[in-house]
Amino acid sequence: MTARLLPGKPVADAVLAALGPRIEALTAAGHQPGLGTILVGEDSASAGYIRMKQGKAAELGLTSPHIHLPQDATQADVLAAIREMNDAAEVDAVLIQHPTPKQIDFDAALLELDPDKDVDGLHPVNMGRLALGMPGPVPCTPAGIEALLAHHEIPVAGREVVILGRGTTLGRPLALLISQKRDTANAAVTVVHTGVPNWADYTRRAEIVIAAVGVPGILQPEHLTPGVTVVGGGVRYEGKRLLPDVDERCAEVAGAITPRVGGVGPTTIAMLFKNAVDAAERRRSA
């Protein structure tokens, strides 16, 4: 069996294309959306990520105000930068680039951020909104995974979905998201992790398996039932080399699978900009 690939690029392209008229309407009304970014330190990968976001923002018609703090910035410096972004009228959404240098308490910094400008959807207020089914920014990778499955017409409602991983950026919010009563969700969701010795018993019975651990190659073909849909959400980097959770041989068992590169990544980026435009619309209508 050779699995059908589920690339993220066409999903991202569709999401971004749908944002175009909304951005044009906001700009025509005198409110050009703005995605602010904060970078602490000199990490080259993080700096490259910010440059890519700024380039995409310009391409879409968003402004991208930026604050770059030095490697030795203090917690007070970071909090002051966040408050500056919170108060900036031209900024609708804010990205605090992670990881930050070791002297920075990222969680405390996140708490300083205006929840309505939280483009990553990770502020405790927004996680609470997600749990209660209230409107607000949704974590980007989970939202991208839901969109990816819907775009490729993978049925989710009523199906058994197992998420391998319980992290706060992916596993936990994804479980909340795809169990909600919605045509593209409404699944029976089980969350397992490496603390469950027999976790493979759960993945073998699932109709959809989403790997979200960040342990390279943890999901192997013997952990799957033939024909299952597999989504690789967790990755780790070894230098510049991307190491996914899903072993490439899983494609020999799965019925559908995200590619090693170009699966969930593009959809995550697209959902970040969707969150930014959503925030701009909310602020304009307030």
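Tabulated values for the structure
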read-out: Which numbered condition G121 fails, given (1) open to solvent by 30 Å² or more (accessible area, probe 1.4 Å); (2) closer than 26 Å to V261 by Cβ; (3) not in a helix (DSSP H, G or I); value: (1)
read-out: Those residues of the stretch 74-118 which are in a loop (DSSP other than H, G, I, E, B), open to solvent by less than 40 Å² (accessible area, probe 1.4 Å) and touching a helix residue (DSSP H, G or I) at 6+ places or on another chain (Cβ under 6 Å), in sequence order; value: V91, D92, Q97, T100, I104, L113
read-out: Pairs, first closer than 13 Å to L5 by Cβ in the stretch 139-157, second buried (at least 22 other Cβ atoms within 10 Å of the Cβ) and not β-branched (V, I, T), C-beta under 8 Å, six or more apart; value: L148/L6; L148/G8; L148/G263; H152/L6; I154/L6
read-out: Test set (1) open to solvent by 10 Å² or more (accessible area, probe 1.4 Å); (2) within 18 Å of the chain's Cα centre (by Cα); (3) at pLDDT 95 or above - L148 fails condition number; value: (1)
read-out: Residue in the stretch 104-115 that is among the β-branched types (V, I, T), under 26 Å from D77 (Cα atoms) and over 17 Å from the mean Cα position of the chain (by Cα) present; value: yes
read-out: Test: residue in the stretch 272-280 that is open to solvent by less than 10 Å² (accessible area, probe 1.4 Å) and either farther than 30 Å from P135 by Cβ or not aliphatic (A, V, I, L, M) (or both); value: yes
read-out: Verdict on R159 being under 18 Å from the mean Cα position of the chain (by Cα), among the charged types (D, E, K, R) and farther than 15 Å from A270 by Cβ; value: no
read-out: Residue in the stretch 40-50 that is part of a loop (DSSP other than H, G, I, E, B), within 16 Å of N275 (Cβ to Cβ) and of a type in the set (G, A, S) present; value: no
read-out: Exclusive hit being farther than 21 Å from G8 by Cα, modelled with pLDDT of 95 or more and acidic (D, E), set D120, D87; value: D87
read-out: Within the stretch 16-48, considering residues that are hydrophobic (A, V, I, L, M, F, W, C) and open to solvent by 30 Å² or more (accessible area, probe 1.4 Å), the one modelled with the lowest pLDDT; value: A45
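The values are calculated or read from the model by the stated rules, or taken from the named source; none is laboratory data. Quantities reported herein were computed from a predicted structural model and do not represent experimental measurements. Cβ: placed from backbone, ideal geometry, glycine included. Neighbour counts: every protein chain shown. Remember, those area values only see protein heavy atoms, side chains included, never the ligands or the DNA or RNA. Shrake-Rupley method; radii C 1.70, N 1.55, O 1.52, S 1.80 Å.
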